[in-house]
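Only one structure is covered here, and it is reproduced in the block below.
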C-alpha cells in the first residue's frame, strides 16, 4: 500500500508508521511519502523511520517532498495532520469567546467554527488534488475540527474521507480505570457509539460477555465514580475524577453516558458544572505574543532534540518502549490513523468510530448530516454498526451541533458567506441576538488575516 502523510514532519508520523508496519503486511513493498513545507523536518522523520525495526525487511520506500503533486499519484491513503491557524489568532479567538460567556476550542465551539475556515481551504485543495491524482484513495483527516472537514470533502468532492479522533477508543482506557482501577488499554470491550465528535454516547457495551453498565452499577452503586489509580499523576487524576463524575451524572439522569472522558462535550449537557467562562484568565496582546514566541521556541528546541536521534545509537530496548512511555518513538497501535491503514493495507476489517456522513447509519438524521458513529471498515468502505440511535433526550442537541458543522463544510466548499451565517445561527448555544452578533463580528476581525475575505460578508446576514 502507498500512503501519503501531509504534515509528514509531525511528531505523530513515526509512531503511526511503526504501528502500521508491525503486521508485516500493511505497508509491505509500499511507498511512504512525507509531504511538508519544512522539508528538513520531513527528512528527519523519514530517516528515523528507516531505522525502526519494522522497516527492516519491509521492502518499503520512504520519500519526502514539499510538492504534493509529486507524492499523490498511486496513493491508496492520504493522511492529513497539521495545526490550523496561528497560535496567536487561536488564543485571541478563544479568549474573546470566553469574554462573551462561551468556551473556546478548536472543535465544538464558535472559535472552532472560524478556525475551520482557515483549515478548510487547505483540506478542500488537497481533496481536489486527490481527484486528479488518486481518486480512489481515502483521505484520513486528523486536524480539527475533523467533523467539518469530513462533511466538506464527502459532501462536496468525489473523495471519501474519515474525520478521525482518538476519543472513539477512550472507553478501552476509561472503563478499565473505572471497573478495575488499572491505567491500562484493554481491547476486551465491544461497544457501539453515536453522536458528534467529542460528544458521542455509549449506546451499548460489553466486557467479556457482561453488560458494562450493569458492571458499573454493581461496583459503585450510589457511590462516586472515583477509581484509585496509583500510576496516574495528581492533575491527571483530578481531571479524570471530574470527568467520571459527569459520566456518572449522565448515567443516573439519563441511563447512558458519553463515550469519552473529554470534557468539551459535557459542557453542553452540564454547563453549571464548569467555571463561568467570564472567569477565564484574560491575557494582554503582549502576553499572547510572548506565549506564541515561546511556543515557537519550544518547537524549535523539540525539533533539534528529535533530530539529534539521527546521531544516537538506538538499540532494541529503545525501540521496545511502548508509546505511552515514549510518545515520539513508540508504536502507536491504537492511533485511529494506524487502524485505518491496517484495514486498507491488510484487507482485514477493523472497528472504529469516525466523523462521516450519516447515510442512514443513525436513525432520525439526514443522510448528509455529519455524525460520529461506530462501524467496521475495510477496503469496501464503511459498514455501520446496527441499531444506532441517539437517545431522545440528547437528540435535539446533537441535531443542532451536527447541522452547525455540516453547514460549515457547505460554506467552505461554496465560499458562501450566507451559509456561514446560517451555520453560526445553527450553533446550539444561542445568546441574545445582540451579544451573538457582537461575538461573531469580533471573531471575523480576529480571523480576518487567515480566512478567505469573502466570509467578511457574513456580517451582512447577521440579523
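Residue under question is residue 151, and the condition is that it be out of contact with any strand residue (DSSP E or B) (no Cβ under 7 Å at 6 or more places or on another chain) and either crowded, with 24+ Cβ neighbours inside 10 Å or closer than 25 Å to residue 447 by Cα (or both); does it hold?
When the stated conditions are applied, residue 151 does not pass them.
Collect the residues in the range 401-430 that are within 18 Å of residue 269 (Cβ to Cβ) and either modelled with pLDDT under 95 or loosely packed, with under 15 Cβ neighbours inside 10 Å (or both), keeping them in residue-number order.
Passing the criteria: 427, 428, 429, 430.
Is it true that some residue in the range 406-418 is in contact with a helix residue (DSSP H, G or I) (Cβ under 8 Å, 6 or more places away or on another chain) and assigned to a loop (DSSP other than H, G, I, E, B)?
Yes, the conditions are met somewhere in the range 406-418.
Please specify each residue of the range 16-42 satisfying the condition of being outside any loop (DSSP other than H, G, I, E, B), out of contact with any helix residue (DSSP H, G or I) (no Cβ under 7 Å at 6 or more places or on another chain) and within 21 Å of residue 318 (Cβ to Cβ).
Selection gives 18, 21.
Can you find even one residue in the range 80-100 that is within 23 Å of residue 342 (Cβ to Cβ) and crowded, with 17+ Cβ neighbours inside 10 Å?
yes
Of all the residues that make up the range 309-324, how many are free of Cβ contacts under 8 Å to residues at least 40 places away in the same chain and either part of a helix (DSSP H, G or I) or touching a helix residue (DSSP H, G or I) at 6+ places or on another chain (Cβ under 7 Å) (or both)?
3
Let's see how each residue does on (1) more than 26 Å from residue 39 (Cα to Cα); (2) out of contact with any helix residue (DSSP H, G or I) (no Cβ under 9 Å at 6 or more places or on another chain); (3) part of a helix (DSSP H, G or I):
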residue	(1), (2), (3)
275	yes, yes, no
298	no, yes, yes
301	no, yes, yes
304	no, yes, yes
307	no, no, yes
326	no, no, no
345	yes, no, yes
355	yes, no, no
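Determine which member of the set 231, 226 is at negative phi, outside any helix (DSSP H, G or I) and in contact with a helix residue (DSSP H, G or I) (Cβ under 9 Å, 6 or more places away or on another chain).
Being at negative phi, outside any helix (DSSP H, G or I) and in contact with a helix residue (DSSP H, G or I) (Cβ under 9 Å, 6 or more places away or on another chain) holds for just one of 231, 226, which is 226.
Of the residues 271, 277, 227, which single one is within 29 Å of residue 87 (Cβ to Cβ), more than 20 Å from the chain's Cα centre (by Cα) and surrounded by 15 or more Cβ atoms within 10 Å (Cβ to Cβ)?
Selected residue: 277, the only one of 271, 277, 227 that is within 29 Å of residue 87 (Cβ to Cβ), more than 20 Å from the chain's Cα centre (by Cα) and surrounded by 15 or more Cβ atoms within 10 Å (Cβ to Cβ).
Anything in the range 183-223 that is part of a loop (DSSP other than H, G, I, E, B) and in contact (Cβ under 8 Å) with a residue 40 or more places away in the chain? List them, or say none.
Correct list: 183, 185, 197, 198.
The values are calculated or read from the model by the stated rules, or taken from the named source; none is laboratory data. Computed from a prediction, not measured in an experiment: that's the story for all the values here. As a convention, Cβ positions derive from the backbone with ideal geometry for all residues, glycine included, and neighbour counts pool all protein chains shown.
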